[in-house]
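The values are calculated or read from the model by the stated rules, or taken from the named source; none is laboratory data. Values in this document were obtained by computation on a predicted structure and should not be read as measured data. Every residue, glycine as well, gets a Cβ built from its backbone with ideal geometry; the counts of neighbours run over all protein chains shown.
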Amino acid sequence: MGFFWTIVTLLAALALTWRYLGSYMAAVFDGRVRWLRVLERPIYRALGTSPEQEQTWTRYATSLVVFSGVSIALTYLLLRIQGSLPLNPQRLAAVPPALSFNTSVSFVTNTNWQNYAGETTMSYFSQLAALMVQQFVSPAVGVAVALALVRGFARRGSATIGNFWVDITRCMLYVLLPIAFVAGVVFVGQGAVQTLAGPVSVHDALNGVTQTIARGPIGFMEAIKQLGTNGGGFLNANSATTFENPTPLTNWLSIYLVLAIPFALTYTFGKMVGSVRHGRALLAAMVLIFGVWVGFTSAAEHQGNPAVAAAGITHQPAGNMVGKEVRFGDTSSALFAVASTSTSTGSADASYDQFTPMGGFGLLTGMMLGEVTPGGVGSGLYTILVYAIIAVFIGGLMIGRTPEYLGKKIQAKEIKLAGLASLVMPLAVLVVTGIAVSVHAGRTGPLNSGPHGFTEILYALTSQGNNNGSAFGGLSGNSPFYNVIGAVDMLLGRFGIIVPVLALAGVLAAKDVVPESLGTFRTDNSMFVGLVIGVIVIIGGLTFFPAVALGPVVEQLSHGRFF
Amino acid sequence: MLVHLRRSLVMAVTCLVLFGFVYALAGTGVAQLLFSHQANGSLGPDGSALIGQSWTSRAFFHGRPDDAGPYAANPGSHVPGGDNPLVANGVAGGSGATNLGPRSKVLVADTRALVAYWHSMGVNPTPDLVATSASGYDPDITPQDALVQIPMVSRATGISPARLRRLVAREAHGPQLGFLGSSTVDVLQLNEALAALR
């Protein structure tokens, strides 16, 4: 019953957010919101740019790629010189080179894959100035790409697609900053820690235990970690720890923050292209797939744990509680996990490695669908628009009409770019997984034996290729091999999609709009929603079925066997 | 190209100052001003109510097991202390789960050892009491997890089971706002109340 009301309240809150945050964001990106112009204007002046200076798609893409490169270099540098920087109460030494490389790529690409334990590796300075900064920047970059593509549909005969610097500035200042700040206050009020003081030592005379407890500026990082679909927490066990995610209310808030912007951007899209119905169609596709995945995964986690049953405890009324926290319980942990893996977040309030085989299947496949249900901040919208283009193309082929989307003719060039954008991620994931299982350095990574060990490898590289960052934590990822191959996987999964999408935006913006006629294939009705869902599921399903069959499916089917 | 590089550097430094420092420090200021108890770790005289501790005496209620600790199931990681938020009784650790998969032979053996441990304490364990948590230091158990330990605590302390049941009921928190999460008992708070009873 509690789970039912959790879902109902989330749905109600997200519905309001979709409508009002959606229209607020449309106003922000149109430049109609100005309440922080005291900060906004000096930034443009320092950059030597202004909202009137528009960029072609090539300049937009160059700005984005150079900025990301500079961000990776700066983050890497800060991690490498951590030992000489302030705000380091534990006197932690420099982060090693391979780990710094993986981590800087990870945070700049909105992945937040973590091959380290935060409380024993990162100084407060690194957590804030190197990592948390990117939790604001990387979602804003995602939104910028989505905006560029939306303008591609909204404009006609235009050579430009917006100004990258203006887009990310507005997103960070007007959307991410205020919401994260308010949410941060709630997190701390509920019990999340927010201090610059170092770890504290406590002694309990009742049981003779002396503990040193890791602390830090955690609560406000938690807010942007979730809101920006980042997922990289301050502490190793992420949102499972009480200092990051103290109560069921903050757990609810985390799920809400993760889903808020990705869903609301479909409204923003509708508003900007002048047809909210089109935004609603994409929203429907996202929500339907998301709902099925939540149902499936929470049902799987409500089953008992097979190993606990084999040890003699067959009656497990609260479901699989191995690797879960009592205050959240089985179904809410599963809901959190699906929200985290269906967006590009990857935060965890439970140990995903210890989900039942079918529960783990739900999380893994949520990422494999390309993270469009609803996907990351910005990245969810631009990726589902790529799927929508493929869907109109397939729909057009089936009925013999010229495919159009929002009045733009979808021709050979657009389909090539959309095809490229949709193929990069599966290609990257499957090839690097193939390499990892073929070499010794890759095979020594997993903790678990049997199919679960393979799933640990597949999960890690799927997660990084999709810029998700969640983990089956048993994999020892902090080796030179996994640090480097993971970084390559993340870079391909991010920029291998972004560049074709920006090219697509440029090509579409230059086109004229074809007037709607009786022969136009409708792209705002339930038939189209079904077609988009079909494309998402079929592309994801056909590409990854063989790999998934070797992992969670085998594990599920091996009744009574332990590895 | 140079203009892109210059703008990138300016933007990177601006973000570093604005989000890495201004946002973080303003947040810390507000947090310390409004919620200084929570912001510093919800510390009490016996530790943090939000961080689980290792309980070994039969005269107290026990929390959930850790991969380290007195009832460490895995002999390889058998260390005193357990429930390591960073260091516990001199043993270094950190937050984290055991990560043993649902069809792991090691997990079956570990769980068997935990069941045997509880039986040796005179307790018929619930699933939570043989399942390691996600953080490694879950501070909570459910009221049911506390109730099954009453025979052990009652024998060791001489307090009647009926009084202990009332104590557990008093310390139990229902779901937050009536519908969020599970009913819980904070083990440290429960044991503090138990100590006050004696």
- prompt: Which members of region B:178-191 meet the condition of being surrounded by 20 or more Cβ atoms within 10 Å (Cβ to Cβ) and in a helix (DSSP H, G or I)?
  reply: B:Val187, B:Leu188, B:Leu190, B:Asn191
- prompt: Among the candidates A:Ala61, A:Ala13, A:Ala93, which residue alone is among the small types (Gly, Ala, Ser), more than 30 Å from A:Pro500 (Cβ to Cβ) and within 22 Å of the chain's Cα centre (by Cα)?
  reply: A:Ala13
message: Going residue by residue through region A:252-271, is there one that turns out to be of a type in the set (S, T, N, Q), more than 27 Å from B:Gly29 (Cβ to Cβ), surrounded by fewer than 24 Cβ atoms within 10 Å (Cβ to Cβ) and modelled with pLDDT of 95 or more?
response: no
- line: Taking region B:120-148 and keeping residues more than 9 Å from chain A (Cβ to nearest Cβ), out of contact with any strand residue (DSSP E or B) (no Cβ under 8 Å at 6 or more places or on another chain) and either of a type in the set (Gly, Ala, Ser) or buried (at least 24 other Cβ atoms within 10 Å of the Cβ) (or both) leaves B:Ser120, B:Gly122
task: Residue by residue through region B:149-167, note down the ones that are buried (at least 17 other Cβ atoms within 10 Å of the Cβ) and away from chain A (no Cβ under 14 Å).
output: B:Gln149, B:Ile150, B:Met152, B:Ser154, B:Ile159, B:Leu164, B:Leu167
message: Return the residues of region B:139-175 that are more than 18 Å from the chain's Cα centre (by Cα) and among the polar types (S, T, N, Q); say none if nothing qualifies.
response: B:Ser154, B:Thr157, B:Ser160
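For residues that are free of Cβ contacts under 8 Å to residues at least 40 places away in the same chain and either within 17 Å of the chain's Cα centre (by Cα) or more than 7 Å from chain A (Cβ to nearest Cβ) (or both), scanning just region B:95-107, find the one that is surrounded by the fewest Cβ atoms within 10 Å (Cβ to Cβ).
If we take residues in region B:95-107 being free of Cβ contacts under 8 Å to residues at least 40 places away in the same chain and either within 17 Å of the chain's Cα centre (by Cα) or more than 7 Å from chain A (Cβ to nearest Cβ) (or both), then B:Val106 is surrounded by the fewest Cβ atoms within 10 Å (Cβ to Cβ).
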- prompt: For B:Ala73, which of the numbered conditions (1) of a type outside the set (Lys, Arg); (2) modelled with pLDDT of 80 or more; (3) over 16 Å from the mean Cα position of the chain (by Cα) fails to hold?
  reply: (2)
- request: Determine, yes or no, whether A:Thr241 is within 12 Å of chain B (Cβ to nearest Cβ), among the hydroxyl-bearing types (Ser, Thr, Tyr) and buried (at least 24 other Cβ atoms within 10 Å of the Cβ).
  value: yes
field: Within region A:422-461, considering residues that are outside any helix (DSSP H, G or I) and more than 14 Å from chain B (Cβ to nearest Cβ), the one nearest to A:Leu502 (Cα to Cα)
entry: A:Val439
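This table checks each residue for (1) on the phi > 0 side of the Ramachandran plot; (2) modelled with pLDDT under 95; (3) among the polar types (S, T, N, Q).
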{"residue": "A:Met358", "(1), (2), (3)": "no, no, no"}
{"residue": "A:Gly375", "(1), (2), (3)": "yes, no, no"}
{"residue": "A:Ala388", "(1), (2), (3)": "no, no, no"}
{"residue": "A:Ala391", "(1), (2), (3)": "no, no, no"}
{"residue": "A:Ile394", "(1), (2), (3)": "no, yes, no"}
{"residue": "A:Arg401", "(1), (2), (3)": "no, yes, no"}
query: So, of the residues in region B:150-177 that are in a loop (DSSP other than H, G, I, E, B) and touching a helix residue (DSSP H, G or I) at 6+ places or on another chain (Cβ under 8 Å), which turns out to be nearest to A:Leu235 (Cα to Cα)?
result: B:Pro175
- prompt: Among the candidates B:Asp145, B:Asp138, B:Asp128, which residue alone is under 30 Å from A:Pro451 (Cα atoms), assigned to a helix (DSSP H, G or I) and in the same structural domain as B:Ser183 (by TED's automatic domain parsing)?
  reply: B:Asp128
- line: Apart from one, (1) among the polar types (S, T, N, Q); (2) part of a loop (DSSP other than H, G, I, E, B); (3) surrounded by 24 or more Cβ atoms within 10 Å (Cβ to Cβ) all hold for A:Ser517; the odd one out is (3)
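Within region B:132-151, is even one residue of a type in the set (Gly, Ala, Ser) and under 21 Å from A:Gln303 (Cβ atoms)? Full working, then the answer.
Filtering region B:132-151 for residues of a type in the set (Gly, Ala, Ser) gives B:133-136, B:146.
Next, from what is left, pick out any that are under 21 Å from A:Gln303 (Cβ atoms): B:133-134.
Yes, some residue in region B:132-151 is of a type in the set (Gly, Ala, Ser) and under 21 Å from A:Gln303 (Cβ atoms).
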message: If the requirement is being within 14 Å of chain B (Cβ to nearest Cβ), of a type in the set (Gly, Ala, Ser) and closer than 25 Å to A:Val108 by Cβ, which of these qualifies: A:Ala12, A:Ala61?
response: A:Ala61
- request: Scan region A:321-331 residue by residue and report those that are of a type outside the set (Val, Ile, Thr) and within 7 Å of chain B (Cβ to nearest Cβ).
  value: A:Met321, A:Gly323, A:Lys324, A:Glu325, A:Arg327, A:Phe328, A:Gly329
message: Quick check on my filter: what residues within region A:195-233 are at positive phi and either of a type in the set (S, T, N, Q) or over 28 Å from the mean Cα position of the chain (by Cα) (or both)?
response: A:Gly208, A:Thr229
task: Tell me, please, whether a residue that is aliphatic (A, V, I, L, M), part of a helix (DSSP H, G or I), out of contact with any Cys (no Cβ under 8 Å at 6 or more places or on another chain) and more than 8 Å from chain B (Cβ to nearest Cβ) can be found in region A:247-255.
output: yes
query: If B:Gly29 passes every condition in (1) in contact (Cβ under 8 Å) with a residue 24 or more places away in the chain; (2) outside the structural domain of B:Ile150 (by TED's automatic domain parsing); (3) not hydrophobic (A, V, I, L, M, F, W, C) but one, which one does it miss?
result: (1)
query: Got a sec? Which of A:Gly304, A:Gly323, A:Gly274, A:Gly329 is more than 23 Å from the chain's Cα centre (by Cα) and buried (at least 24 other Cβ atoms within 10 Å of the Cβ)?
result: A:Gly329
Residues of region B:108-119 that turn out to be within 7 Å of chain A (Cβ to nearest Cβ) and farther than 19 Å from B:Thr98 by Cβ, as a count: 0
- prompt: Within the set of pairs 6 or more residues apart or between chains, which connect a residue that is among the hydroxyl-bearing types (Ser, Thr, Tyr) inside region A:47-67 to a residue that is surrounded by fewer than 20 Cβ atoms within 10 Å (Cβ to Cβ) and in a helix (DSSP H, G or I) with Cβ atoms less than 6 Å apart?
  reply: A:Ser50/A:Tyr44; A:Thr62/B:His4; A:Ser63/B:His4
- line: By residue number, the members of region A:332-354 that are closer than 19 Å to B:Asn99 by Cα, more than 17 Å from the chain's Cα centre (by Cα) and either of a type in the set (Ser, Thr, Tyr) or more than 7 Å from chain B (Cβ to nearest Cβ) (or both) are A:Ser333, A:Ser351
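Being within 7 Å of another protein chain (Cβ to nearest Cβ), over 24 Å from A:Gly323 (Cβ atoms), in contact (Cβ under 8 Å) with a residue 40 or more places away in the chain and not in a loop (DSSP other than H, G, I, E, B), is that true of even one residue in region A:221-235?
Looking only at region A:221-235, we keep the residues that are within 7 Å of another protein chain (Cβ to nearest Cβ), and these are A:235.
Okay, now just the ones that are also over 24 Å from A:Gly323 (Cβ atoms), so none.
The answer is no, given that none of the residues of region A:221-235 is within 7 Å of another protein chain (Cβ to nearest Cβ), over 24 Å from A:Gly323 (Cβ atoms), in contact (Cβ under 8 Å) with a residue 40 or more places away in the chain and not in a loop (DSSP other than H, G, I, E, B).
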